[in-house]
Each structure stands twice: as C-alpha cells, then as structure tokens.
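The numbers here are math on the coordinates, done by the rules we state, and not lab data. These numbers were taken from a predicted model, which means no experiment stands behind them. Note that we place each Cβ from the backbone using ideal geometry, even for glycine, and neighbour counts take in every protein chain shown.
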Amino acid sequence: MSAAAHIFVTMTEIRPFAVHVSDAVIDDLRARLGRARLLEDSPRRMPSGMSAAWLRELVGAWAGWDWREREKWLASFPQFIAGVDGTDIHFAHLGAANPDAPVLLIMHGWPHTFAMQLDLARNLPDFHVVVASLPGFAFSQPYSDGPVTERRLAVTMHRLMTVVLGYERYIAYGEDLSANVSDLIAALYPDAVAGIVATHAHMGTSDERDALDSAEVRAFSARLDAEQGPNGAYGHVQWARPDTLAAALNDSPVGLLAWIAEKYAEWADAPTNEPAEVEKVISRDRILTDATIYWVTQSIATSFRPYYEGDDDEAESVTIDVPAAIYVQRHEHDYPEVLGRRFYTDLRVFERLERGGHFTAAEAPAALAERIRSFSALIR
C-alpha cells in the first residue's frame with residue numbers, strides 16, 4: 001500500500017490544528033514586557049551569549065513584534081494533533097506529490113521547538129516530512145503518567161509514524177536530546193527505519209570512549225569534560241531544581257527570553273556571540289517565535305522533564321545497524337570518525353559540515369536538505 005493510501009486509512013485519528021493565540025494573551029505578554037525591570041551586566045561575569053544590551057534590544061523588539069504575521073507563517077505548514085497511546089501529539093505534515101516519495105521524521109531538542117525545524121522541511125518538497133513536537137513541548141501534551149525517558153519518546157515517535165500515519169519505512173533525524181531518541185528508534189525498529197541522519201552523532205559513555213584507545217577520541221573527551229562545567233550549568237539546574245526555575249520563567253517573559261536566547265547565542269555556529277553575528281545565523285524572528293510558543297503554551301516546565309526524568313543510560317550503549325549518515329556540525333567539530341563507526345555499524349557517509357552548529361536544521365536548512373536527499377538516494 002502506498003504512503004498516501006496509509007494516510008487516508010488512518011485520517012480519522014488525526015485532527016487538523018492551527019496555531020492561534022488570543023488577543024488577551026498577547027496583550028498580557030506585551031504589558032509584562034512593558035513593565036520589565038532590566039539589569040546591567042554584572043562586573044566580572046562569566047562569558048555568556050546573553051548581555052544586558054542584547055536582552056534589552058530583544059525585549060523591545062518582542063514588545064512591538066507582529067505575532068499575527070508569524071502565525072500566518074506557521075499556518076503555511078499543515079499541522080495536526082493525533083492521539084498516541086493517550087497523549088495528544090502535535091506535528092506538521094508536509095506531503096510530496098509522489099505518493100512513493102521517501103519519508104522523513106524530524107525531531108527537535110531543547111530549547112528549540114518544532115518551529116525551528118520547519119525551514120528544513122520546506123527545503124524537502126520531494127519528501128513526505130513529519131516535524132513532530134515532543135510530548136510536553138509546544139502544542140503536544142505532556143505524558144500524564146510515568147517518566148519522560150528517551151526510550152518512551154522513541155516509542156511515541158515511532159507509533160506516530162507507523163500506527164497513526166501508516167508509514168512503513170522512514171528516515172529519522174533528531175537534534176540535541178532527540179538525537180538519542182533518533183538513535184533509539186533506529187536501534188529498536190530497524191525494519192521500519194530506512195536510515196538515520198545524525199548531526200549530533202552518538203557519543204557513548206566515557207568508559208566506552210576510553211575503550212577505543214584512540215588519541216583522537218581522548219582529545220574529544222577531554223574537550224567535552226573541560227567545557228561541561230561552565231557550559232553545562234543550565235542542564236544541572238533543569239535537572240536539580242526544575243520547578244523553581246520553571247516558576248520564574250513561566251511568570252517572566254524577560255527571564256524566559258534570556259534563558260532561551262542565551263543558548264542560541266552559545267551553541268549556534270556564529271563567529272562570535274555578538275548579537276549581530278548570532279542573528280545572522282538564528283534570526284530574531286525565529287528566536288521570538290520559539291519564546292512566544294513557550295510563553296503561550298506555558299510548556300517551559302514540561303520541557304525540563306527529560307532532564308530529570310530521563311535515563312541517559314538507555315541510549316548510551318545502543319548500536320545502530322541501519323544505514324547511517326553522520327554530518328558533523330560545527331558545535332562538535334572534532335567528533336572522531338572512529339567513534340561514529342563504533343556505534344553506527346552501517347555508516348555510509350561521514351562528513352564535517354562547513355557551517356551549521358547545534359541547531360543545524362535551522363542554521364543550514366538548504367545544505368542539510370541536500371545531504372538528506374543524497375543520502376536517501378544512496379540507500380534507496
């Protein structure tokens with residue numbers, strides 16, 4: 001049965017969805033922004049992607065920003081809600097003219113939302129593309145019971161693709177926390193996963209890296225360890241004090257914006273973290289879109305759940321036997337090929353990207369789309 005036929009069969013399980021935020025919510029947001037109490041930079045602060053000057057600029061822009069225009073842009077992507085094992089999952093679904101076109105699942109990480117992945121989807125008109133919101137992010141419901149583990153997320157995303165949408169085979173792509181989810185999908189469902197594209201390739205545990213006895217891997221591990229302290233503090237807070245942090249960010253749009261935008265500045269492939277350079281890579285519209293989605297859905301608290309409920313060990317020791325392509329993004333520029341070959345046993349492509357950082361799908365959508373297209377042709 002063709003992909004189109006499968007979609008028709010299961011369409012009764014899917015509800016069309018359109019993003020629309022009430023005037024009252026937007027008016028309240030602008031009023032809060034107008035009452036912002038902004039601080040100056042602290043003396044001798046740690047280097048950071050967020051500065052008082054840039055935050056002041058972003059807050060002023062957000063207060064006068066035309067959200068309705070952005071809603072129209074979001075509405076240009078067909079979106080739906082579907083129940084998957086009792087949880088309503090939101091996703092954009094762009095179909096190709098050819099019913100037998102390849103199928104691609106795109107997943108986001110933290111702090112970005114599905115909106116950051118839409119440019120990549122639009123660059124693949126010859127694919128059936130599903131851009132999913134993970135449970136507890138944006139317009140997807142959080143799980144009502146049980147923890148948010150990577151394995152559970154993998155099961156949910158796979159069932160969305162197969163049980164709900166009826167696709168028999170698809171390519172998986174994830175970023176940040178959903179990179180591990182993508183790996184698990186490929187490991188758990190090799191018969192359904194035609195291939196996996198990784199810009200956040202599997203790293204394994206420190207012990208697994210050490211076992212490779214490679215100078216290149218040791219240097220990579222040493223860099224990760226050196227940067228974990230100053231650069232990983234956000235994750236420690238989201239793991240150790242999630243509700244305290246969420247209470248502040250859910251009540252203050254300025255705090256929410258600062259927390260999110262800082263990560264774009266620090267992880268994107270910009271030559272410096274100066275605002276003008278950062279916004280050439282991740283545009284202001286995209287930053288404000290994600291901030292608005294978090295604000296209006298009040299989903300910042302549930303977006304923290306993978307940090308303190310997830311079990312990283314589930315994804316650490318997997319091997320992926322389906323065809324794989326690794327495109328090393330600039331944020332992990334020194335990722336060793338030998339490490340990739342340790343976990344991806346059928347590695348067809350290994351390439352270091354010239355541009356594109358942690359948010360590769362948003363930073364270099366056309367280049368990544370072309371590579372996905374080439375990889376798809378290779379494995380077909």
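At the listed q of 0.07, 0.13 Å⁻¹, the Debye profile of the chain, built from one uniform point per Cα, gives log10 I(q)/I(0) equal to -0.30, -1.09. In order along the range 272-285, phi translates into HN-Hα couplings of 9, 9, 5, x, 4, 6, 4, 6, 6, 9, 10, 5, 4, 4 Hz, rounded to whole numbers, per the Karplus curve 6.51 cos²θ - 1.76 cosθ + 1.60 with θ = phi - 60° and x for Gly and Pro. The DSSP beta bridges internal to the chain are antiparallel in roughly 40% of cases. Taking the square roots of five times each eigenvalue of the Cα gyration tensor of the range 232-380, the equivalent ellipsoid has semi-axes of 31, 21, 14 Å, listed largest first. For the range 157-248, the convex hull spanned by the alpha carbon atoms encloses 144 Å³ per residue. Geometric descriptor of the range 15-116, per residue, is 183 Å³ (volume of the convex hull of the Cα atoms).
The amide H of ASP88, built 1.01 Å from its N in the peptide plane, has GLN141 as neighbours under 5 Å, considering only residues 5 or more places off or on other chains. About the centre of its Cα atoms, the chain shows a dipole size close to 820 debye [charges on the beta carbon of Lys, Arg (+1) and Asp, Glu (-1) only; nearest 20 debye].
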